[in-house]
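Trainee: Structure incoming, see below.
The values are calculated or read from the model by the stated rules, or taken from the named source; none is laboratory data. Remember, it's a predicted structure, so these values are computed and weren't measured experimentally. Here Cβ is always computed from backbone atoms with ideal geometry, including for glycine, and neighbour counts include all displayed protein chains.
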Amino acid sequence: MSHHFIKFTDVTYRYPDGTEALKGVSLTITHGERVALLGLNGSGKSTLILHTNGLLLPTSGEVNIGGIPVTKKTAPEVRRAVGMVFQNPDDMLFMPTIYDDVAFGPRNMHLPEDEVRHRVDDALNAVGLHDVADKAAFQLSGGQRRSAAIASVLSMGPDILVLDEPSANLDICARNNLINLLDSFRHTILLVTHDLDMARQLCPRSIIMHEGRVCADGLTQTLLSDTDIMRDAGFM
């Protein structure tokens, strides 16, 4: 996958109970961009990001990741390119040790154990957790668990990193460490967050959603300073 882009073309999604969570969403995020996805609860943000690696498939329209249309058939290939970090790190940490959590993905890619070890070491060093590799997740702080969850994705070598509320419940030190870590990621980032200051610091561009639609897309500083846009999106 040579072009690490995300493209939604007129995507709708309707849940089995009839709730229409996405209503004709079209957007493109190009290689290397860092984009914040903003909006109130229920605006469609989480539904949208679940489409980026095939956990959900559109009711209509198309999602394309790096030139590959996302379908049930292509989802395994897409998931190798799109690393998803969920809001609750405990959903991603289930092995006896942090080392095993971070090694889980590479091992399921059937990589040689030497390559697995190399990837785990690099990922743990990147998030500053190499010294706790032999500990269990419950022994770590909330910030450390968040970092471990990110390491478990980085070890798979994703081209695109998608994160759902990564700064939730972090103290100032852990939050700043997270921002520095994400700032060092050289590929594409899509960041769902309610932390508007984090969006300003990390993402030059923001997409604002409201009631299943994209209601604004542009420079983060410009959008967040626009009273009319923020009011229309329900922030004020």
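Trainee: All but one of (1) closer than 19 Å to L163 by Cβ; (2) free of Cβ contacts under 8 Å to residues at least 60 places away in the same chain; (3) in contact with a Pro (Cβ under 7 Å, 6 or more places away or on another chain); (4) not polar (S, T, N, Q) hold for R34; which doesn't?
Mentor: For R34, the failing item is (2).
Trainee: Can you tell which of D100, D90 is without any contact (Cβ under 8 Å) to a residue 24 or more places away in the chain, in a helix (DSSP H, G or I) and over 20 Å from L190 (Cα atoms)?
Mentor: Only one candidate passes the filter, namely D100.
Trainee: Right, here's the next one. Do we find that L56 is closer than 24 Å to A168 by Cβ, modelled with pLDDT of 95 or more and in contact with a Leu (Cβ under 6 Å, 6 or more places away or on another chain) in this structure?
Mentor: yes
Trainee: Out of the residues in the stretch 114-135 that are part of a loop (DSSP other than H, G, I, E, B) and under 24 Å from the mean Cα position of the chain (by Cα), state the one that is farthest from D171 (Cα to Cα).
Mentor: Per the criteria, the residue is A133.
Trainee: Given the residues N53, N41, N64, N88, which is the only one that is within 18 Å of L161 (Cα to Cα), of a type outside the set (A, V, I, L, M, F, W, C) and surrounded by fewer than 15 Cβ atoms within 10 Å (Cβ to Cβ)? Spell out how you get there, then give the answer.
Mentor: Details: N53 fails: surrounded by fewer than 15 Cβ atoms within 10 Å (Cβ to Cβ); N41 fails: within 18 Å of L161 (Cα to Cα); N64 fails: surrounded by fewer than 15 Cβ atoms within 10 Å (Cβ to Cβ).
None of the other options fit; the residue is N88.
Trainee: I would also like to ask the following. So T47 ticks every box in (1) more than 19 Å from V82 (Cβ to Cβ); (2) modelled with pLDDT of 95 or more but one. Which box is left unticked?
Mentor: Only one criterion in (1) more than 19 Å from V82 (Cβ to Cβ); (2) modelled with pLDDT of 95 or more is unmet by T47, namely (1).
Trainee: Can you run down the residue pairs with Cβ atoms below 8 Å, 6 or more apart or on separate chains, where the first is in the stretch 112-141 and free of Cβ contacts under 8 Å to residues at least 60 places away in the same chain and over 16 Å from T97 (Cβ atoms) and the partner is of a type outside the set (V, I, T) and part of a loop (DSSP other than H, G, I, E, B)?
Mentor: From the stretch 112-141, the pairs are D122/S155; A126/S184.
Trainee: Does the stretch 155-172 contain at least one residue that is touching a Leu at 6+ places or on another chain (Cβ under 8 Å) and either acidic (D, E) or surrounded by fewer than 18 Cβ atoms within 10 Å (Cβ to Cβ) (or both)? Even if it seems obvious, please write down each step before you answer.
Mentor: Looking only at the stretch 155-172, we keep the residues that are touching a Leu at 6+ places or on another chain (Cβ under 8 Å), and these are 160-163, 166-167, 170.
Add one more test, that the residue is either acidic (D, E) or surrounded by fewer than 18 Cβ atoms within 10 Å (Cβ to Cβ) (or both), and what stays is none.
No, because not a single residue in the stretch 155-172 is touching a Leu at 6+ places or on another chain (Cβ under 8 Å) and either acidic (D, E) or surrounded by fewer than 18 Cβ atoms within 10 Å (Cβ to Cβ) (or both).
Trainee: Also, quick follow-up: Return yes when I208 is at pLDDT 95 or above and touching a Leu at 6+ places or on another chain (Cβ under 6 Å) and no when it is not.
Mentor: Answer is yes for this residue.
Trainee: Moving on. Just the residues that are of a type in the set (V, I, T) and part of a helix (DSSP H, G or I), please, taken from the stretch 56-79.
Mentor: The answer is V78, and nothing else.
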